[in-house]
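Have a look at this one.
Where a number appears in this text, it was derived from the coordinates with a stated rule and is not lab data. Fair warning: this is a prediction, and the values are worked out from it, not measured in the lab. As a convention, Cβ positions derive from the backbone with ideal geometry for all residues, glycine included, and neighbour counts pool all protein chains shown.
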Amino acid sequence: MLHRWQQVNGQGQIGGYKIGCTTMVMQELPQIPSPVFGGIPANRIFSDKAELPFSQMHMPGIECEIAMRPGADLPLGGAP
């Protein structure tokens with residue numbers, strides 16, 4: 001539902017996915033019981049330098065991110 005809402009409200013198609021809160025320590029802060037995931041709108045994925053206005057940030061912060069682009073589709077499996 002969130003991804004559909006994002007698309008309807010001009011944020012475009014989903015270009016990738018992100019996981020977060022993958023450790024117990026990071027789950028304690030927002031008080032959630034497990035990791036979370038969500039789609040990243042394609043227009044928010046930058047493959048080169050990007051300048052984004054600070055005024056458009058919701059809760060700006062610095063966080064280490066690791067991204068990957070598989071060379072081929074992953075095989076289907078029984079579990080997510």
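Can you give the Rg to Rh ratio for region 2-45, taking only C-alpha atoms and Rh from Kirkwood?
Numbers: Rg = 12.7 Å, Rh = 11.5 Å.
Taking Rh as the inverse mean 1/r over Cα pairs, Rg/Rh reads 1.11.
Still on this structure, I have one more. At what distance in nm do the modelled label points of Leu29 and Met59 sit from each other, each positioned 7 Å from its Cα along Cα→Cβ?
0.8
Then there is this: Amide H neighbours of Ile14 under 5 Å, at least 5 residues apart or on other chains, H built in the peptide plane: list them.
Residues meeting the criterion, in which the H sits 1.01 Å from N, are Ala42.
Report the full-extension gain for the segment Ile66 to Arg4: residue separation times 0.36 nm, less the Cα-Cα distance, to one decimal in nm.
Details: separation 62, 0.36 × 62 = 22.32 nm, distance 2.56 nm.
Between Ile66 and Arg4, full extension yields 19.8 nm more.
Still on this structure: Using just the helices of the chain, give the 222 nm mean residue ellipticity in deg cm²/dmol: DSSP H runs with n ≥ 4 each add -39,500 (n - 2.57), and the total is spread over all residues, rounded to 500. Write down the numbers at each step before the final one.
Details: 2 runs with 10 residues, N = 80.
Rounded to the nearest 500, it is -2500 deg cm²/dmol.
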